[in-house]
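Enquirer: This is the structure, below, for whatever I ask next.
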Amino acid sequence: PDATESVRLERARNQALLGNHAGVVAALAVGAESPAALELLLPALAQTGDWARLAALLPDARRAGTMPEATLDELEERAFAALIGRVGADAQALRRAWESLPARLRKRPALVARYARALAAHAGAEAMELLESALTREWSASLVQVLGMIPAPDPDKAFARAEKLLSRHPDDAVALLALGRRAMAARLWGKARDYLEASLARAERAETCELLAQVYVHSGDAERARKYRERAAAL
């Protein structure tokens, strides 16, 4: 009777060795979580997708200090990204979920990118402003990628703003690809071609070739479109 915690931990360890993540969660389903239990439980919750419980336990895990901060940061990012994704169908709920995050998390590029993608379905201009503000604060390839892909209510204005913002990185393949996408959305086929070809010259990507094929279709050059599709398939 006095060994309840030891029994729970031993059961959880055995389940972890078997790769049974649900078994780890079941073994540690009740009781105050000790540092040893948290070390077993948090990875299991991540594997089973119980992000709400994982997020609730993260402060205890940080205080316990038994797991590396980098590991906890990664779990925290994944947890809140999943929770943001689950409320993406409701704009107000999405904003409330975002505002409920600690300020330090709302500065993380991966979470900003995830939130902007979800927000863009309801408020494209707001999502663009969020990304522009984040990129002014910190350069991030994931933010640039989303900036190029999300829909904007005014494609011409979005392209002009992105061109001004990303001009500070003229040799960055991801930035050039994003500008190519924004130019396509604005139906500026010449600029789209120039940016995409510049991006491809710096980094060969199948998606860049496929976008160039689309540009050449719109430009009436079926032969070049075919060649870029073949290059995309080869990549």
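The values are calculated or read from the model by the stated rules, or taken from the named source; none is laboratory data. Source: prediction; values computed, not measured. With ideal geometry, Cβ positions are generated from the backbone for all residues, glycine too; neighbour counts draw on all protein chains shown. Remember, those area values only see protein heavy atoms, side chains included, never the ligands or the DNA or RNA. Shrake-Rupley method; radii C 1.70, N 1.55, O 1.52, S 1.80 Å.
Enquirer: Give me the distance between the Cα centres of segment 174-235 and segment 129-145, rounded to whole Å.
Expert: With segment 174-235 and segment 129-145 each reduced to a Cα centre, they are spaced 23 Å.
Enquirer: Please return the longest range in the chain lying between exposed loop sites, taking GluC sites (Glu not before Pro), DSSP loop only, at most 16 other beta-carbon atoms within 10 Å, and leaving the sites out.
Expert: The answer is 1-137.
Enquirer: For every other residue with a beta carbon closer than 14 angstrom to the beta carbon of R187, add +1 if it is Lys or Arg and -1 if Asp or Glu, then tell me the sum.
Expert: Details: positive: K157, R181, R182, K191, R193; negative: D154, D156.
The answer is +3.
Enquirer: Could you give the accessible area per residue of segment 91-235, probe 1.4 Å, as a whole number in Å²?
Expert: Counting only protein heavy atoms, the per-residue value for segment 91-235 is 50 Å².
Enquirer: Run the accessible area of segment 66-131 with a 1.4 Å probe and give the carbon-and-sulfur part as a rounded percent.
Expert: C and S fraction of accessible area: 52 percent.
Enquirer: Only helical DSSP H runs with n ≥ 4 go in: add -39500 (n - 2.57) per run for the chain, normalise by residue count and round the 222 nm mean residue ellipticity to 500 deg cm²/dmol.
Expert: -23500 deg cm²/dmol
Enquirer: Starting from 0.36 nm per residue, how many nanometres of slack lie between S167 and A121 once their C-alpha separation is accounted for?
Expert: 13.9 nm
Enquirer: Let me make sure I get this right: for the chain, a, b and c are the square roots of the gyration tensor eigenvalues over alpha carbons, sorted descending. Under 1.5 in a/c it's rounded, otherwise prolate if a/b > b/c, else oblate. Which is it?
Expert: Numbers: a/c = 3.09, a/b = 2.21, b/c = 1.39.
Note, shape of the chain comes out prolate.
Enquirer: Please report the carbon-and-sulfur percent of the accessible area for segment 140-235; probe 1.4 Å, protein heavy atoms only, DNA, RNA and ligands left out.
Expert: 51 percent
Enquirer: Report the accessible area of V87, computed with a 1.4 Å probe over the heavy atoms of all protein chains in place, in Å² rounded to the nearest 10.
Expert: 50 Å²
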